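The values are calculated or read from the model by the stated rules, or taken from the named source; none is laboratory data. Remember, predicted model here, so these are calculated numbers, not experimental data. Cβ sites come from the backbone with ideal geometry, for glycine too, and all protein chains shown count toward neighbours.
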Amino acid sequence: MQMTPIESDLFENFDALLGTYNISNELTVLGLGKFSFFRKKKAKHELIALFYALWKLALKQSFPKDHELYFTNYCEAKKLDKDAAGNATMLYRSVEVYNTLLAEQGTKNFSNVADFLTDQLVKDSDRREHITLKLALSIRSTYNVIFQKLISN
């Protein structure tokens, strides 16, 4: 696949941003400590998938006509969308779930995504509302970083 110069820049910048993404704040908000191995693994998967979906949302804001093409080309170039057998990968399926959730509110409100994450990752807790609110704020902050890096190039 031949990339355009803009795609090359977008993909390199996103890869660099993804490489610096630190989920420790979200893990703390979720109350996942050292010994929550399986839940931490699930949380990492979900948060990385959300990061990809937030990038797609930022692409949509910056490139309304071409965001789908750029995102699809990135997924194909990085082989995120299909495994060797041609089936959708688990990560790509999770990204699509977050894309659907983000499409409901766009950049206006991330509480539905935070609520979904809380449902997925937090066992019974009397702090669910608090966790959901903090996650929504964290998601907004992450989106803002992605968007700022996208438009600064």
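So the check is Cβ under 6 Å with 6+ separation or different chains; which pairs have a first residue in segment 4-30 that's touching a residue at least 12 places away in the same chain (Cβ under 8 Å) and among the hydroxyl-bearing types (Ser, Thr, Tyr) and a second one that's assigned to a helix (DSSP H, G or I) and surrounded by 12 or more Cβ atoms within 10 Å (Cβ to Cβ)? Note: pairs meeting the criteria are Tyr21/Phe51. Filter segment 102-153 for residues that are surrounded by 14 or more Cβ atoms within 10 Å (Cβ to Cβ) and closer than 17 Å to His67 by Cα; which is modelled with the lowest pLDDT? Only one residue tops the list, namely Leu150.
When Ser125, Ser141, Ser94 are checked against the criterion of being under 28 Å from Ser36 (Cβ atoms), part of a helix (DSSP H, G or I) and in contact (Cβ under 8 Å) with a residue 12 or more places away in the chain, Ser94 stands alone in meeting it. Within segment 106-122, the set of residues being assigned to a loop (DSSP other than H, G, I, E, B) and touching a residue at least 60 places away in the same chain (Cβ under 8 Å) comprises Val122 only. Taking helices (runs of 4 or more DSSP H) as the structural unit, those lying wholly within segment 21-88 and holding at least 2 residues that are among the hydroxyl-bearing types (Ser, Thr, Tyr) and touching a Leu at 6+ places or on another chain (Cβ under 8 Å) correspond to 37-62, 67-77. Of the residues Asn87, Asn99, the single one that is modelled with pLDDT of 95 or more and not hydrophobic (A, V, I, L, M, F, W, C) is Asn99.
Note on segment 74-93: residues that are farther than 13 Å from Glu7 by Cβ and among the aromatic types (Phe, Trp, Tyr) total 1.
Is it true that Thr28 is β-branched (Val, Ile, Thr), exposed (fewer than 12 other Cβ atoms within 10 Å of the Cβ) and within 24 Å of Ser138 (Cα to Cα)? In short, no. Scanning for something over 24 Å from Val113 (Cβ atoms) and hydrophobic (A, V, I, L, M, F, W, C), does segment 32-41 turn up at least one residue? Checking segment 32-41: at least one residue is over 24 Å from Val113 (Cβ atoms) and hydrophobic (A, V, I, L, M, F, W, C). Based on what the data block shows, is Phe71 under 23 Å from Gln2 (Cβ atoms), over 16 Å from the mean Cα position of the chain (by Cα) and aromatic (Phe, Trp, Tyr)? Considered against the rule, which asks whether it is under 23 Å from Gln2 (Cβ atoms), over 16 Å from the mean Cα position of the chain (by Cα) and aromatic (Phe, Trp, Tyr), Phe71 comes out as no. The number of residues in segment 31-62 that are buried (at least 17 other Cβ atoms within 10 Å of the Cβ) and not small (Gly, Ala, Ser) comes to 14.
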